[in-house]
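Just so it is clear, none of the values below were taken in a lab; they were calculated from the coordinates. It should be emphasised that the depicted structure is a prediction, and the values quoted were computed from it without experimental measurement. Because the Cβ atoms are built from the backbone with ideal geometry, glycine has one as well, and the counts that use them run over all protein chains shown.
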Amino acid sequence: MVKDKRFNCFLSILNDPEILILDELVTGLDLKMQIKLVNFIKSWKEIKKINLLIVSHTPEEVELLCDRVVILKNGEIYQDQSIDAIIKKYGSLRKMMVEYYQNEVNGN
C-alpha cells in the first residue's frame, strides 16, 4: 500500500498541474513516510506555486500543507478560515475539530 500511495502521489505531479488535488495523502502510512511525503509536497507546492486542494481527516497534515480550511456540513460551507486564524483562536486545527465534534455529540 505504501508504494502504491507514493507512486500515485508522484504520478499526480508528473504533468506539473496548476491545481493538485490530494485525497487522504497520509492515511495508512507510518509516521516516517507521512513526514517524508508531507515535506515533499510542501516543498514542491512552494517551488511550483500551485494551488493545493486536500481532502483529509488528519488535521496536522492540513495545518502543514494548507493556508486555508473549508469544512462542509450537510453540503454547505460550515467553516472557511485561514490556518493562521484557526491557530490563533483555537491553538490548532485539531482543537477546533475536537470542539466541533464535541458540540455535535452533545447536540449543539
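Each stretch of four or more DSSP H residues adds -39500 (n - 2.57); spread over every residue of the chain, this sum gives -16500 deg cm²/dmol at 222 nm. Which residues does a label at Ser82 reach in the range 45-67, if reach means a backbone N under 15 Å from a point 7 Å past the Cα toward the Cβ? Answer for the range 45-67: 66-67. Over all pairs of different C-alpha atoms in the range 63-108, the reciprocal of the mean inverse distance, the Kirkwood hydrodynamic radius, equals 11.2 Å.
Note on the chain: the alpha carbon radius of gyration divided by the globular reference 2.2 N^0.38 Å gives 1.15.
Restricting the trypsin sites (Lys or Arg not before Pro) of the range 45-74 to loop positions (DSSP other than H, G, I, E, B) with no more than 13 neighbouring Cβ atoms within 10 Å leaves Lys49. By the combined test of axial Cα extent (at least 15 Å) and Kyte-Doolittle hydropathy (mean at least -0.5), the qualifying DSSP H helices of the chain come to 2-13, 31-48. Of all DSSP bridge pairs formed entirely within the chain, close to 55 percent run antiparallel. Other residues whose C-beta falls under 13 angstrom from the C-beta of Gln81 contribute a net charge of -1, scoring Lys and Arg +1 and Asp and Glu -1. A dipole drawn for the range 67-108 from +1 and -1 charges on Cβ atoms has a positive end, and of Ser92, Val70, Ser82 the residue lying farthest that way is Ser92. Amide H contacts of Leu20 (H built 1.01 Å from N, in plane; Pro and chain starts excluded): Asn51, Leu52, Leu53 sit under 5 Å, all sequence-distant by 5 or more or on other chains.
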